[in-house]
1. Go through region 27-55 and report how many residues are of a type in the set (Val, Ile, Thr), part of a strand (DSSP E or B) and either more than 25 Å from VAL128 (Cβ to Cβ) or touching a Cys at 6+ places or on another chain (Cβ under 8 Å) (or both).
2. Can you go through ASP95, ASP108, ASP66, ASP79 and tell me which one is over 16 Å from ASP35 (Cβ atoms) and of a type outside the set (Phe, Trp, Tyr)?
3. Considering (1) under 23 Å from LYS41 (Cα atoms); (2) at pLDDT 85 or above, say which one GLY118 fails and leave the rest.
4. Could you list, in sequence order, the residues of region 124-157 that are in a strand (DSSP E or B) and surrounded by fewer than 14 Cβ atoms within 10 Å (Cβ to Cβ)?
5. Residue by residue through region 12-34, note down the ones that are modelled with pLDDT under 95, surrounded by 22 or more Cβ atoms within 10 Å (Cβ to Cβ) and at negative phi.
6. Is it true that THR43 is touching a Lys or Arg at 6+ places or on another chain (Cβ under 9 Å) and among the polar types (S, T, N, Q)?
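The values are calculated or read from the model by the stated rules, or taken from the named source; none is laboratory data. Keep in mind the model is a prediction, meaning the values are calculated, not measured. Cβ placement follows ideal geometry from the backbone for every residue including glycine, while neighbour counts extend to all protein chains displayed.
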Amino acid sequence: MSTYANYMAPAFIGMKADSMDDNVDTFACGAANVDVGVAVKRTAASALTVANGASVTLGVGISLHDHIIGYYGTYRQYDAVSVLTRGRVWAAVSDATGVADGVACKADPTTGKFLTTGTVAVAVTNAVFRSAAISLLNVDGVTTTLGAVIELHNPNV
């Protein structure tokens with residue numbers, strides 16, 4: 001892939017999708033690394049630390065890209081994790097099946113990647129896809145990850 005293509009990608013995982021009204025909270029990364037652009041959950045009730053994954057009771061939002069953290073590709077223990085709790089973001093998708101504008105989101109309880117199918121996937125309350133899934137370049141400029149725009153706290157879901 002050319003250098004030009006690296007800089008002209010339509011988006012990257014964990015990037016805010018637009019400048020609509022949003023909310024970003026900060027949590028500490030727990031003992032395990034937290035990926036960028038995935039659903040995150042508290043490590044325990046009332047904890048201020050987060051981990052990858054979706055949870056009906058402990059879910060808080062989607063981890064955002066950070067230019068320093070982005071270089072490493074993951075938040076590491078004790079890093080301050082920026083978590084989008086309302087708004088639109090380019091998030092990691094594990095399966096593109098059924099991903100389309102207006103479709104309700106589910107997320108993997110372990111990895112936090114989004115999808116629409118699967119029996120172990122957790123429904124993400126008030127979250128909808130706002131695009132189809134596309135391949136987006138990773139920070140290495142060579143490999144790709146499936147990503148789609150997700151809107152959190154959509155009142156129509």
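1. Residues flagged as of a type in the set (Val, Ile, Thr), part of a strand (DSSP E or B) and either more than 25 Å from VAL128 (Cβ to Cβ) or touching a Cys at 6+ places or on another chain (Cβ under 8 Å) (or both) within region 27-55 amount to 2.
2. The conditions single out ASP95.
3. Of the numbered conditions (1) under 23 Å from LYS41 (Cα atoms); (2) at pLDDT 85 or above, the odd one out for GLY118 is (2).
4. Matches in region 124-157: THR125, SER135.
5. Result: ILE13, GLY30.
6. Answer is no for this residue.
Table: residues versus (1) of a type in the set (D, E, K, R); (2) within 13 Å of the chain's Cα centre (by Cα).
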position	(1), (2)
GLY98	no, no
ASP101	yes, no
LYS106	yes, yes
GLY112	no, yes
THR117	no, no
THR125	no, no
ASP140	yes, no
ASN154	no, no
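Residue-wise test of (1) surrounded by fewer than 14 Cβ atoms within 10 Å (Cβ to Cβ); (2) in contact with a helix residue (DSSP H, G or I) (Cβ under 8 Å, 6 or more places away or on another chain); (3) within 21 Å of VAL149 (Cβ to Cβ).
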{"site": "LEU48", "(1), (2), (3)": "yes, no, no"}
{"site": "SER55", "(1), (2), (3)": "no, no, no"}
{"site": "ALA80", "(1), (2), (3)": "yes, no, no"}
{"site": "VAL103", "(1), (2), (3)": "no, no, yes"}
